[in-house]
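Undergrad: Let me begin by handing over the structure; questions about it come next.
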Amino acid sequence: MDKLVEMKGIVKFFGHVEALRGVDFSLKRGEIVALLGDNGAGKSTLIKVLSGVHRPDRGTMSVSGEDIDLDRYGVARARSLGIETVYQERSLGEKQPLWRNVFMGRHLTNRWGVIDVSREKRDTMDLLSSVLGLRGVGLDPDASVGTLSGGERQGLAIGRAMYFGAEIIVLDEPTTALSLGEVSKVLSFIRSIKEDGRSCVVVSHDLGHVAQVADRFVLMDRGRVESSYPRDEVTVDELMKAMLHLVNGEAS
């Protein structure tokens, strides 16, 4: 697999706090990477640099072999490069209908520049069926997001990213506060990203969940990448011990 993303020496300050301390991170095409670490490890800051929310103070980044001007890099540029992020909160408008959530800010228009509502609803139905696997006479694109379960909401957000051609989908704590059955749904959605030839970064506290889908595990601690393990070179027990060592401030 060739490298889709390469970040080198990424430094990010918030005031006097150094949130990222020279981070090197890469992502291969068709790879699922689990980004692991305790609160304050720098995981969220790193993915926000990748997705254009934060601009780093130092460092370089390339996407698909193209060097990125980080001084001009933002969310719109990230999306144009095929990078979409599904955050733990505020990814969807719960009171809005499903079709509006899918196309919010990126509506399909007809030749007169008017929103093509019928096409958006039709494509939403296709998305619900193909990505979420939802079927039945009660399925309606006008239903509110609030009618979906937690796992289905994650699936809708992932499906939306895939619909708009994302090559890199970043998931921020996608299984938090979900039941076991809902976690299983979300993990299935994550597998579908790879099956579709795309790449995924999963930020998580839960090793047990991401261990089922990740190709590689990257451990962060206090703004640094401490270690990176290919799936076939480490056991879950070994990863857990390494994470505990970091939490306890010990050498792994």
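The values are calculated or read from the model by the stated rules, or taken from the named source; none is laboratory data. All of these numbers come straight from a predicted model, not from anything done at the bench. Using ideal geometry, Cβ is built from the backbone for each residue, glycine included, and neighbour counts are taken over all protein chains shown.
Undergrad: Looking for whichever is under 30 Å from LYS3 (Cβ atoms) and buried (at least 17 other Cβ atoms within 10 Å of the Cβ) here; the options are PRO174, PRO141, PRO97. Which one fits?
TA: PRO174
Undergrad: Please tell me if ARG222 is under 28 Å from GLY40 (Cα atoms), surrounded by fewer than 22 Cβ atoms within 10 Å (Cβ to Cβ), out of contact with any helix residue (DSSP H, G or I) (no Cβ under 9 Å at 6 or more places or on another chain) and among the basic types (Lys, Arg).
TA: It is false that ARG222 is under 28 Å from GLY40 (Cα atoms), surrounded by fewer than 22 Cβ atoms within 10 Å (Cβ to Cβ), out of contact with any helix residue (DSSP H, G or I) (no Cβ under 9 Å at 6 or more places or on another chain) and among the basic types (Lys, Arg).
Undergrad: Inspect all residues belonging to the stretch 217-235 and state whether any of them is within 13 Å of the chain's Cα centre (by Cα) and within 30 Å of ALA76 (Cα to Cα).
TA: no
Okay, residues lined up against (1) surrounded by 20 or more Cβ atoms within 10 Å (Cβ to Cβ); (2) assigned to a strand (DSSP E or B); (3) modelled with pLDDT of 95 or more:
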residue	(1), (2), (3)
GLY9	no, yes, yes
PHE13	no, yes, yes
LEU20	yes, yes, yes
PHE25	yes, yes, yes
LEU35	yes, yes, yes
ASN39	no, no, no
GLY59	no, yes, yes
SER62	no, yes, yes
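One line per residue, one yes/no per condition, for (1) among the small types (Gly, Ala, Ser); (2) in contact with a Pro (Cβ under 8 Å, 6 or more places away or on another chain); (3) within 17 Å of LEU4 (Cα to Cα):
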{"residue": "PHE164", "(1), (2), (3)": "no, no, no"}
{"residue": "ILE168", "(1), (2), (3)": "no, no, yes"}
{"residue": "SER184", "(1), (2), (3)": "yes, no, no"}
{"residue": "SER188", "(1), (2), (3)": "yes, no, no"}
{"residue": "GLN212", "(1), (2), (3)": "no, no, no"}
{"residue": "VAL218", "(1), (2), (3)": "no, no, yes"}
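Undergrad: Does THR109 qualify as being surrounded by 13 or more Cβ atoms within 10 Å (Cβ to Cβ), closer than 26 Å to VAL75 by Cα, polar (S, T, N, Q) and at pLDDT 85 or above?
TA: Taking the combined requirement at face value, the residue does not satisfy it.
Undergrad: Could you please let me know if VAL202 is surrounded by 15 or more Cβ atoms within 10 Å (Cβ to Cβ), at pLDDT 90 or above, within 10 Å of the chain's Cα centre (by Cα) and over 27 Å from HIS107 (Cβ atoms)?
TA: Criteria met by VAL202.
Undergrad: Do the conditions hold for LEU187, that is, is it touching a His at 6+ places or on another chain (Cβ under 7 Å) and surrounded by fewer than 22 Cβ atoms within 10 Å (Cβ to Cβ)?
TA: yes
Undergrad: Moving on. Of ALA41, ALA34, which residue is in contact (Cβ under 8 Å) with a residue 60 or more places away in the chain, touching an Asp or Glu at 6+ places or on another chain (Cβ under 7 Å) and either among the aliphatic types (A, V, I, L, M) or more than 29 Å from ILE115 (Cβ to Cβ) (or both)?
TA: The match here is ALA41.
Undergrad: Among VAL137, VAL234, which is the only one that is modelled with pLDDT under 85 and of a type in the set (A, V, I, L, M)?
TA: Being modelled with pLDDT under 85 and of a type in the set (A, V, I, L, M) holds for just one of VAL137, VAL234, which is VAL137.
Undergrad: Another question, then. Quick check on ALA19: is it of a type in the set (Gly, Ala, Ser) and within 20 Å of GLU195 (Cα to Cα)?
TA: No.
Undergrad: Which of the residues spanning the stretch 90-119 are in a helix (DSSP H, G or I), touching a Phe, Trp or Tyr at 6+ places or on another chain (Cβ under 9 Å) and over 17 Å from ILE158 (Cα atoms)?
TA: The answer is VAL117, and nothing else.
Undergrad: Regarding the stretch 47-56, can at least one residue be identified that is over 16 Å from the mean Cα position of the chain (by Cα) and either assigned to a loop (DSSP other than H, G, I, E, B) or surrounded by fewer than 20 Cβ atoms within 10 Å (Cβ to Cβ) (or both)?
TA: Yes, the stretch 47-56 contains at least one residue that is over 16 Å from the mean Cα position of the chain (by Cα) and either assigned to a loop (DSSP other than H, G, I, E, B) or surrounded by fewer than 20 Cβ atoms within 10 Å (Cβ to Cβ) (or both).
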